[in-house]
1. Out of everything in segment 45-54 that is closer than 19 Å to L196 by Cβ and touching a strand residue (DSSP E or B) at 6+ places or on another chain (Cβ under 6 Å), what residue ends up being most open to solvent (accessible area, probe 1.4 Å)?
2. Can you run down the residue pairs with Cβ atoms below 7 Å, 6 or more apart or on separate chains, where the first is in segment 293-315 and more than 16 Å from T217 (Cβ to Cβ) and the partner is open to solvent by less than 70 Å² (accessible area, probe 1.4 Å) and not in a helix (DSSP H, G or I)?
3. If you take the residues of segment 49-75 that are of a type in the set (A, V, I, L, M) and at pLDDT 95 or above, which of them is nearest to V5 (Cα to Cα)?
4. Given the criterion surrounded by 17 or more Cβ atoms within 10 Å (Cβ to Cβ) and polar (S, T, N, Q), identify the matching residue among T71, T42, T59.
5. How many residues are open to solvent by less than 30 Å² (accessible area, probe 1.4 Å) and under 13 Å from D214 (Cβ atoms) if we restrict to segment 279-304?
6. Limited to segment 197-211, what total is found for residues that are closer than 29 Å to L332 by Cβ and open to solvent by 50 Å² or more (accessible area, probe 1.4 Å)?
7. Among the residues of segment 74-104, write down those that are open to solvent by less than 30 Å² (accessible area, probe 1.4 Å) and of a type in the set (D, E).
8. What are the residue pairs meeting all of these: first residue in segment 186-202, first residue within 14 Å of T115 (Cβ to Cβ), second residue modelled with pLDDT of 95 or more and outside any loop (DSSP other than H, G, I, E, B), Cβ atoms under 6 Å, and 6 or more apart or on different chains?
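The values are calculated or read from the model by the stated rules, or taken from the named source; none is laboratory data. No experiment lies behind these values; they were computed from the predicted model shown. Quick reminder, even Gly has a Cβ in these numbers, built from the backbone with ideal geometry, and neighbours come from all protein chains shown. With ligands, DNA and RNA removed, areas are computed over all heavy atoms of the protein, side chains included. Shrake-Rupley method; radii C 1.70, N 1.55, O 1.52, S 1.80 Å.
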Amino acid sequence: MPTPVVLVAGLHAGARAAAVDRLLQEHQGAVALHHDLRAVTTGRVSRLVRDRFRVLDLTEIRLAHGCVTCTVREDLLPQLVRHAATAAPLIVDLWDSVEPRSVAEALDPELFALTCVLTALDAEHLPHDLSRGEPLARSGRHAAAGDERHLAEVLARQIEYGTALYLHGSDEDDVELSTAVLGHLAPHTPVLHDALPPVTGAALCPQELADRVDPATAQLPSEATTDEIVTVVWNRRGPLHPGRFFDAVDELVTESVRSRGRFWLATRRDRMLAWDAVAGVVSVEDAGPWLAALPEAAWELTSPARRTAAALDWDPVFGDRVQHLVFTGPDLDRERFHALLDTCLLTQGESVPCDDPFAHVLDLREIA
């Protein structure tokens, strides 16, 4: 029988440690493994293994190449195999900036049953950290040499991938505000403060976890207003004029804290484009073809979730091509966001422009 594994992620080390301590206390026989990656760029990683009573192992390991992938492949997975015979559940206490998805997808389902992805968050620091666009390297939290990710984008992805969210902190106002923020960013995920989720149940499917966040199938938030926090959803059918939309990008990302979704440009009719922005840092990537651009015989090669998402968006004219963007931030003006984005649509009778200012981003990434 596969050994239960719990992943505990989060940028806030104190909140993560509190969650791991509680798991160890609540589950007799559990063992926690943690890799400290502060010196990973030099090829050195510190491994800590502990149970509810004591430290079982504290070892510095050396890697041929300093990165998260190497740490998972060369040390974490062998350590999980080693301890699986005598401990359950196994708790993986992930380093600050490690995103849980890569670890979840590395687990062998014949050996391990991933039962929970718990993201631990500090209620006091969460709202502020979601607006911090600084690089991870500036705070010493980078996970490899050349890690160009930003603090807020990692935090957002840790929140959105988790199957449960644990808020650590005793100040009622902090907990209330952070709970409201999480209700906008991850409305389908339970937020816990006084308890932890069950971690010995049925195994999670990594593909289903990926479907929750991948652009083509993501469970995007709905429109909502909680005091000053507002989530605005823009959903349209026609194509976007690349020039006008490019000119609107700065305003869209500076006024919102978090935004994501999928869209299409008049110059790239067959390609789904993914929009991901947090704390002023925006990413636009090619997410593959729309199903409507593929022959029906190829649809069976896509995942059931992909086909279901396309069916829900299907239009007799455009197929599954859709503009679906979601913006969250303080006091967002829904009407103004809609008006701005509506002016970016290609008007009836307007010819497809020759210039595409997104080309220098999208085409370079395709070449890379």
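1. In this case the residue turns out to be R50.
2. D315/R237
3. Per the stated criteria, the residue is V49.
4. Of T71, T42, T59, the one residue that is surrounded by 17 or more Cβ atoms within 10 Å (Cβ to Cβ) and polar (S, T, N, Q) is T71.
5. 1
6. 0
7. Once the filter is applied, which keeps residues that are open to solvent by less than 30 Å² (accessible area, probe 1.4 Å) and of a type in the set (D, E), segment 74-104 yields D75, D93, D96.
8. Cβ pairs passing all conditions: L196/R22; P197/C116; P197/A164; V199/V6; V199/T115; V199/C116; T200/P4; G201/T115.
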